[in-house]
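Notes follow the structure.
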Amino acid sequence: MSIVLPDSVTAAEGEGGLPVLRVATALVTGEVYLHGAHVTAWTPAGAEPVLWVSSSARFAAGEAIRGGVPICFPWFGTGREPGLAPPPHGFARLAPWRLVAAEEHDGGAVTLTLELTDADAADVPAAQDWPHAFTATYAVTFGRELTLALTVENTGEGEISFEEALHTYLAVADARTTTVQGLDGATYLDKAAGGGPELVTQRGDVTFTAETDRVYDSTGTAVVVDESGGRRIGIEKEGSANTVVWNPWVDKAAAMPDYGDDEWPSMVCVETANALDAAIALAPGERHTMTARYAVTR
Ligand code: BG6
């Protein structure tokens, strides 16, 4: 299917020669790679870039891009079943998605819709470990807000169960002076402490003082307060039971080949997810949508 692009959308060869779609209107600029349906840029007019991408990120088939918004699907982390571990976070972020629609709205926002089926993903390593028929549809709306809506439909004949996350890397001036509001009182699994069975209760705002890797039970809005950068990034969501907060800190940053050793103060991940016990089960023909909406304020 050949899609007619509005004037505000350009199809180009991006980093590593990978196909990329670039959006530029009076309201916003943005970028999404077909590889992984990976949003790598969103910058409302007059703002600094909101998404963070590592200067060591790898843009190549078989690699997940470090930064932007990787899509974790159909499992999160190492997954809940033995045998799903490699690659971590599932195969969707390594798969070739297809553009199925591009629309510029009145007012200058642009929606790009990408799709991935089990057939599209068949050649991606580990896709065979999850032998289920599905269609994933990802609507990305670049505007003064960024709206990401991931819909998964069970197109097979048996029930399916999956985890998912929009693993958003947000640019901050300094993680050490950044807090996350909206999670006070929520319980979380502390993966940085080994992910033991006991849930911990959040008291007050989240601060970053060490490696932070937490899966919160939370359906509410989170706000990243970037004190040094003088801005707030609000994340509203629907269809999501978990918020994951991650910063690798010093040692883990140094251990990742696609992440600069000194980059950890410049980002925090706040992820909209359904993971672990909140995995989604769909009967044949059913679908589920998870939506995240980001807005920057002073
Ligand atoms: C987070 C996980 O969502 O993603 C962390 O909770 C993980 O445990 C991080 O380290 C990065 O994952 P990856 O596979 O992109 O290096």
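For the stretch 95-125, name all the residues that are over 21 Å from Thr291 (Cα atoms), within 16 Å of the ligand (Cβ to nearest atom) and touching a residue at least 40 places away in the same chain (Cβ under 8 Å). Within the stretch 95-125, just Pro125 meets the criteria. Restricted to the stretch 262-277, and to residues there that are of a type outside the set (S, T, N, Q) and away from the ligand (no atom under 14 Å from the Cβ), the residue that is least open to solvent (accessible area, probe 1.4 Å) is Pro265.
The single condition from (1) within 16 Å of the ligand (Cβ to nearest atom); (2) in contact with a strand residue (DSSP E or B) (Cβ under 7 Å, 6 or more places away or on another chain); (3) modelled with pLDDT of 95 or more that Ala210 fails is (2). None of Ala85, Ala64, Ala47, Ala60 is in a loop (DSSP other than H, G, I, E, B), within 11 Å of the ligand (Cβ to nearest atom) and either open to solvent by less than 20 Å² (accessible area, probe 1.4 Å) or at pLDDT 95 or above (or both) except Ala64.
So, Ala11, is that one modelled with pLDDT of 95 or more and not in a strand (DSSP E or B) or not? Lay out the reasoning, then the answer.
Numbers: modelled with pLDDT of 95 or more: yes; not in a strand (DSSP E or B): no.
Here the answer is no, as Ala11 does not meet what is asked.
Exactly one residue among Leu199, Leu282 is hydrophobic (A, V, I, L, M, F, W, C), more than 10 Å from the ligand (Cβ to nearest atom) and in contact with a His (Cβ under 8 Å, 6 or more places away or on another chain), and that residue is Leu282. Checked against the criteria, Val20 counts as more than 16 Å from the ligand (Cβ to nearest atom), out of contact with any helix residue (DSSP H, G or I) (no Cβ under 7 Å at 6 or more places or on another chain) and without any contact (Cβ under 8 Å) to a residue 60 or more places away in the chain. Is it the case, given these coordinates, that Gly79 is of a type in the set (Gly, Ala, Ser) and open to solvent by 40 Å² or more (accessible area, probe 1.4 Å)? When the stated conditions are applied, Gly79 does not pass them. Taken over the stretch 128-138, residues that are open to solvent by 10 Å² or more (accessible area, probe 1.4 Å) and either outside any loop (DSSP other than H, G, I, E, B) or of a type in the set (Gly, Ala, Ser) (or both) amount to 5. Considering the stretch 243-261, the residues that are near the ligand (Cβ under 10 Å from one of its atoms) and open to solvent by less than 30 Å² (accessible area, probe 1.4 Å) include one that is farthest from Ala192 (Cα to Cα), namely Asp258.
Figure legend. Inter-residue proximity from the stretch 198-213: first residues over 11 Å from Thr178 (Cβ atoms) and open to solvent by less than 30 Å² (accessible area, probe 1.4 Å), second residues within 16 Å of the ligand (Cβ to nearest atom) and of a type in the set (D, E, K, R), beta-carbon distance below 8 Å, spacing 6+ or different chains. Indicated pairs: Asp213/Asp190; Asp213/Lys191.
Counting the residues of the stretch 67-82 that are over 27 Å from Gly234 (Cβ atoms), within 12 Å of the ligand (Cβ to nearest atom) and within 15 Å of the chain's Cα centre (by Cα) gives 1. For Gly107, the criteria (1) surrounded by fewer than 18 Cβ atoms within 10 Å (Cβ to Cβ); (2) in contact with a Ser or Thr (Cβ under 6 Å, 6 or more places away or on another chain); (3) farther than 23 Å from Ala60 by Cα hold in every case but one, which is (2).
When the residues of the stretch 160-178 are filtered to those that are open to solvent by 10 Å² or more (accessible area, probe 1.4 Å) and out of contact with any Asp or Glu (no Cβ under 9 Å at 6 or more places or on another chain), which remaining residue is farthest from Leu112 (Cα to Cα)? Checking each candidate, the answer is Arg176.
The values are calculated or read from the model by the stated rules, or taken from the named source; none is laboratory data. Keep in mind that this is a model prediction, so the values were computed, not measured. Here Cβ is always computed from backbone atoms with ideal geometry, including for glycine, and neighbour counts include all displayed protein chains. Note: accessible area is taken over every heavy atom of the protein model, side chains too, but ligands, DNA and RNA are not part of it. Shrake-Rupley method; radii C 1.70, N 1.55, O 1.52, S 1.80 Å.
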